[in-house]
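Worksheet: the structure to be examined is printed underneath.
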Amino acid sequence: MRRRMSALLSTTMANMETIVRDIKAKYPDKAILVGGAPLSADFCAQIGASFYSPNPQGAVEFLNKIIAEHGSRDGDKNKITS
């Protein structure tokens, strides 16, 4: 299971670092994706998330790359489409 968060307003960014930390504590081997208009790659790194995309297609491409590199337990049915 992949965890992801999106921010539409800068006010939602305030708790993201805490949320990322809590997710990583419970699921240390999972990728955490963040995105949304007010976010940036720098903010992603600052809060400890795994990947930032300014749009959903970038997140889909990242997840498909992970599946291609690491394989999938269920074959192609885990491929993500936009």
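All of the numbers you see were taken from the coordinates with simple rules; none came from a lab. It should be emphasised that the depicted structure is a prediction, and the values quoted were computed from it without experimental measurement. Note that each Cβ is placed from the backbone with ideal geometry, even for glycine, and that neighbours are counted across all protein chains shown.
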For segment 63-70, 3J(HN,Hα) per residue [Karplus equation, 6.51 cos²θ - 1.76 cosθ + 1.60, θ = phi - 60°, Hz, x = Gly/Pro]:
5, 5, 5, 4, 4, 5, 6, 10
Could you line up 69, 17 from fewest to most neighbouring Cβ atoms inside 10 Å?
69, 17
Most exposed first, judged by fewest Cβ atoms within 10 angstrom, 27, 52 run 27, 52
Taking amide H positions as placed 1.01 Å from N in the peptide plane, with prolines and chain starts having none, which residues 5 or more places from residue 31, or on another chain, fall under 5 Å of its amide H?
3
Taking other Cβ within 10 Å of each residue's Cβ, how do 18, 12 sort, fewest first?
18, 12
